[in-house]
There are 2 protein chains.
Amino acid sequence: MMADRVFTEIEYIRPMEIEARSMEIIRQELSERGVTLDPVQAATVMRCIHSSADFDYVRTLRFSENAVERGIALLKAGATIVTDTNMALAGINKRALDRCKARAICYMADPRIAAEAKKRGVTRAAVSMEAASRLPGPVMLAIGNAPTALLSVYEMIKSGRWIPDFLIGVPVGFVNVVASKERIMSTLVPYIVNAGRKGGSNVAAAIVNSLLYQIEESRL
Amino acid sequence: MMADRVFTEIEYIRPMEIEARSMEIIRQELSERGVTLDPVQAATVMRCIHSSADFDYVRTLRFSENAVERGIALLKAGATIVTDTNMALAGINKRALDRCKARAICYMADPRIAAEAKKRGVTRAAVSMEAASRLPGPVMLAIGNAPTALLSVYEMIKSGRWIPDFLIGVPVGFVNVVASKERIMSTLVPYIVNAGRKGGSNVAAAIVNSLLYQIEESRL
């Protein structure tokens, strides 16, 4: 141990206050950067920053018209959220989800999906999206990992086979990530997409949670 | 649809080649930036970039002496990985884990942990770390979310109660994240830590996977 070392000070606050304090810091730093967020989009943008400590989301998050209001309405109406990873599924707040009529599922560990993907030489994520298209009721896709999932959805939209009710498109990475996001944003699907390479399962879950929490707050 | 819009080109490659292609792009961009990675640390740094599309990890990842070799040796010896979120747990490659004798657990959904945290006014993550300290055999902590988990471990190390065999410390956020990482890096615990605010459950899982995959590759 280096006893003499000077550490950054610890803020002593109660567990339930940590998140509010984080949001306060984010708000303050946005203000220092001269950023004013759209009031309807602010909660979603801030939760993406909160989950990544990355202020790039201010510049890169894209919302189709009235996306936040639509997303909230769908969750209230009991939409099924389909994620492309079990990580994103794990990151969605289950208590908040239960309080809506909504539910969240992920097909990635389903052996039938894996078998079909292998047979066709495509990714499990792509086949997952086709399974999502056969679900009854409104479907909100939350894609934080696989650009192939976005491309599969794009093909279904383009060919008129299916248009999801809502799409959160924030895959992360280097191969076809930018290309798949551009294509999705050219369609009529209501979306929240992060342009560029960044995103992730954590960000997909953060966006879903930002919508769920707004439903909770409106009930307080 | 805007039929005339020019999109970024799609790379048509097979699912199993996507990851190798991603790594090739990362390697190329590192080279364009004039970055040469330590050969032992390279796989871990690259996997963090792969999971975040964020080249900041080149500058901010910190390794204690021989950290990669130690981490790999512990996993080979059947260490128990304890994560601070179910998201990080979900992100660890279970097949790669099974092929070692290692296992991964998370106490965050354990109602006894929640009850004790509530009673004591501390976070579940902090109590989780105390539960980890009572496990038999080598323990590797993988903390991608809660600085309070790092601070709890720091207190146990400082008071001589416990020193984990290995610590992956990459919580993300704004409250006590930097402070907790600084403190952990002042101890004798073998670590991989991301200095600064960034990190996340995805990055914690990426670091674990980078060690697991190196074991797999050494067996090929």
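Bear in mind these aren't lab numbers, they're just calculated from the coordinates by the rules spelled out. Treat the numbers as computed from the prediction; the structure is a model and nothing was measured. As a convention, Cβ positions derive from the backbone with ideal geometry for all residues, glycine included, and neighbour counts pool all protein chains shown.
Taking the Cα centre of each part, how many Å lie between the stretch A:56-71 and the stretch B:24-39? The stretch A:56-71 and the stretch B:24-39 have Cα centres spaced 33 Å from each other. Relative contact order, whole percent, for the stretch B:61-219 stands at 29, derived from Cα pairs under 8 Å and 6 or more residues apart.
Counting only other chain Cβ atoms within 10 Å of each residue's Cβ, the peptide B:174-186 averages 5. Between copies, the label points at B:Gly121 (set 7 angstrom from Cα along Cα-to-Cβ) are spaced 6.4 nm, reported in nanometres from shortest to longest.
Rounded to the nearest 500, the 222 nm mean residue ellipticity of chain A from helices alone is -15500 deg cm²/dmol, with -39,500 (n - 2.57) taken per DSSP H run of at least 4 residues. The order of B:Lys101, B:Lys119, A:Lys181, going from fewest to most other C-beta atoms within 10 Å of their C-beta, is B:Lys119, B:Lys101, A:Lys181. Sorted shortest first, the separations between the A:Ala109 label point and its copies elsewhere in the assembly read 0.8 nm; each point sits 7 Å from Cα along the Cα-to-Cβ line.
Relative to the dominant Cα principal axis of chain B, helix B:147-158 is inclined by about 50°.
Of all DSSP beta bridges located in the protein assembly as shown, what percent are antiparallel, nearest 5? Taking every DSSP beta bridge with both residues in the protein assembly as shown, the antiparallel ones total about 15 percent. Under Stokes-Einstein, with the Kirkwood radius over Cα pairs as Rh, the value for the stretch B:61-219 at 20 °C and 1.002 mPa s is 141 µm²/s. Expressed to the nearest 5 percent, the antiparallel share of DSSP beta bridges inside the stretch A:60-219 is 15 percent. Backbone amide hydrogens, once placed in the peptide plane, bring A:Arg62 within less than 5 Å of A:Val193, A:Asn194, A:Ala195, excluding anything fewer than 5 places away on its chain. Between helix A:67-76 and chain A there is an angle of about 80 degrees, using the helix long axis and the longest principal axis of the Cα atoms. Relative to the longest principal axis of the Cα atoms of chain B, the long axis of helix B:18-32 makes an angle of roughly 90 degrees. How much net charge surrounds A:Pro138 when only other residues with a Cβ under 12 Å from its Cβ are counted (Lys, Arg +1; Asp, Glu -1)? Taking every other residue near A:Pro138 into account, the sum is +3. Three principal axis extents describe the C-alpha atoms of the stretch B:44-145; from largest down they are 41, 30, 27 Å. Taking the number of Cβ atoms within 10 Å of each Cβ as an exposure proxy, the fewest-first ranking of B:Leu30, B:Leu89 is B:Leu30, B:Leu89. Legend: distances between Cα atoms for A:Lys94/B:Lys118; A:Lys118/B:Lys94; B:Lys76/B:Lys158; B:Lys94/B:Lys198; pairs beyond 22 Å are B:Lys76/B:Lys158; B:Lys94/B:Lys198. Looking at the stretch A:19-153 alone, DSSP beta bridges between its own residues are antiparallel in about 0 percent of cases.
Rounded to the nearest whole Hz, the Karplus-based 3J(HN,Hα) values (6.51 cos²θ - 1.76 cosθ + 1.60, θ = phi - 60°) of the stretch B:181-193 follow the sequence 5, 4, 5, 4, 6, 8, 9, 8, 5, x, 9, 10, 10, with x at glycine and proline. Cβ crowding within 10 Å ranks B:Leu135, B:Leu97 as B:Leu135, B:Leu97, fewest other Cβ atoms first.
Scattering from the protein assembly as shown was approximated by placing one identical point on each alpha carbon and applying the Debye formula without solvent; log10 I(q)/I(0) at 0.14 1/Å stands at -1.40.
Net charge around A:Ala104, counting only other residues with Cβ within less than 11 Å of its Cβ (Lys, Arg = +1; Asp, Glu = -1)?
Values: positive: A:Lys94, A:Arg103; negative: A:Asp98.
Value of the local net charge: +1.
Charged neighbours of B:Met16, selected by a Cβ distance under 12 Å, balance to +2 (K, R count +1; D, E count -1).
The phi torsions of the stretch A:38-49, fed into the Karplus equation with coefficients 6.51, -1.76 and 1.60 and a -60° offset, translate into couplings of 4, x, 6, 8, 4, 4, 6, 4, 5, 6, 5, 5 Hz, rounded to whole numbers, with Gly and Pro shown as x.
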